[in-house]
Amino acid sequence: MKSLLISLALAAAPFFAALPAQANPYAAYLDAKVLPGWRDRDGHHMAGLELTLAPGWKTYWRSPGSAGIPPSFNWSGSTNLAGVEVVWPRPHVFDLEGLRSIGYKDRVVLPLRITPKDDSKAVSLNGDIQIGICETVCVPMDVHVSAELDANETHRAPAIAAALAARPYSASEGKLRKATCKLSPARDGLDLEARLDMPSAGGDEVTVFETALPDVMISDTTSHREGNTLISRAKVISYGGPVVIDRSRIRITVLGDSYAVEITGCDAN
């Protein structure tokens with residue numbers, strides 16, 4: 001039943017997008033606002049997007065899993081803005097009747113690393129965000145946020161600093177010794193296997209594969225350990241015809257109970 005509700009909610013996305021924000025019956029379950037943050041010495045501005053969810057509800061990471069809705073951000077209504085990088089804290093893994101989702105519950109702050117066009121001036125940040133929230137039903141939300149980011153503010157906001165500290169470790173911080181990948185033709189795409197020589201991140205580790213290819217989907221992974229090596233497998237499915245996967249650009253994130261590790265690229269296996 002929950003899988004059916006997810007499908008119905010996704011099908012309703014264009015309908016919700018066409019309605020005024022206050023008409024969405026689920027609007028009360030999510031509060032979104034910008035934490036203004038501070039201007040760094042290098043000219044970048046570090047702000048935060050704070051998402052507060054009603055009890056029992058969750059929202060999604062950049063790669064949301066088979067039961068999730070991927071978020072998207074549009075900052076084109078801003079002024080004095082050259083770019084925005086969303087910095088993702090370590091997410092949680094959820095199970096919804098056998099379907100995996102990856103994201104956050106209760107409250108999360110997503111740090112925003114902002115590049116002003118002129119770092120001596122304020123940034124007027126205006127964002128239109130499409131984001132999914134889920135309890136027993138998963139629904140898409142259209143959210144607008146805005147804030148004035150003072151060029152002279154230097155105080156480090158604790159909530160943003162804590163979210164930055166919760167980022168996944170780099171490969172070296174996670175003590176990765178070697179990462180290899182094997183891609184094999186399959187009837188409906190490619191089989192992808194990664195072998196990661198690294199210490200355990202704790203508990204039942206979940207691996208997530210990502211590519212920069214828009215028409216490629218990678219399934220939820222299965223993982224197990226053989227000694228110090230974590231072996232993870234997934235299916236690569238292309239919706240745009242034949243695809244070539246560049247191993248050097250595959251992003252691999254290992255999510256454990258203790259910490260997460262993010263790895264860019266893997267050698268041929």
What number of residues within the stretch 132-179 are of a type in the set (A, V, I, L, M, F, W, C) and part of a loop (DSSP other than H, G, I, E, B)?
6
Hey, does the stretch 165-178 have a residue that's in contact with a Lys or Arg (Cβ under 6 Å, 6 or more places away or on another chain) and surrounded by 19 or more Cβ atoms within 10 Å (Cβ to Cβ)?
yes
Qualifying positions in the stretch 29-40 - without any contact (Cβ under 8 Å) to a residue 40 or more places away in the chain and within 12 Å of T115 (Cα to Cα):
D40
Considering only the stretch 120-129, I want to know if a residue exists there that is closer than 13 Å to V34 by Cα, of a type in the set (A, V, I, L, M) and more than 16 Å from the chain's Cα centre (by Cα).
yes
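Residue by residue, here is whether (1) at pLDDT 95 or above; (2) buried (at least 20 other Cβ atoms within 10 Å of the Cβ); (3) not in a strand (DSSP E or B) holds:
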site: A82; (1), (2), (3): yes, no, no
site: E85; (1), (2), (3): yes, no, no
site: V93; (1), (2), (3): yes, no, no
site: Y104; (1), (2), (3): yes, yes, no
site: V108; (1), (2), (3): yes, yes, no
site: P111; (1), (2), (3): yes, yes, no
site: D119; (1), (2), (3): yes, no, yes
site: S124; (1), (2), (3): yes, no, no
site: Q130; (1), (2), (3): yes, no, no
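Pick from the stretch 185-199 the residues that are not aliphatic (A, V, I, L, M) and not in a loop (DSSP other than H, G, I, E, B): which of them is surrounded by the fewest Cβ atoms within 10 Å (Cβ to Cβ)?
We begin by selecting, within the stretch 185-199, every residue not aliphatic (A, V, I, L, M); these are 185, 187-189, 191, 193, 195, 197, 199.
Going one step further and asking which of them are not in a loop (DSSP other than H, G, I, E, B), we end up with 185, 189, 191, 193, 195, 197.
Working: P185: 7, G189: 19, D191: 14, E193: 15, R195: 17, D197: 14.
Going through the qualifying residues, I end up with P185.
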Does any residue of the stretch 30-52 turn out to be closer than 18 Å to I160 by Cα, at pLDDT 95 or above and polar (S, T, N, Q)?
yes
Which of the following residues is in a strand (DSSP E or B), farther than 19 Å from S63 by Cα and among the charged types (D, E, K, R): K182, K235?
K182
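Filter the stretch 106-134 down to residues that are in contact with a Pro (Cβ under 9 Å, 6 or more places away or on another chain) and more than 25 Å from S78 (Cβ to Cβ), then give me how many there are.
Count: 1.
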Given (1) at pLDDT below 95; (2) over 16 Å from the mean Cα position of the chain (by Cα); (3) closer than 25 Å to P89 by Cα; (4) among the aliphatic types (A, V, I, L, M), index of the condition I245 fails
(3)
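The values are calculated or read from the model by the stated rules, or taken from the named source; none is laboratory data. Because the structure is predicted, anything quoted here is derived from the model rather than measured. Cβ atoms come from the backbone with ideal geometry, glycine included; neighbour counts cover every protein chain shown.
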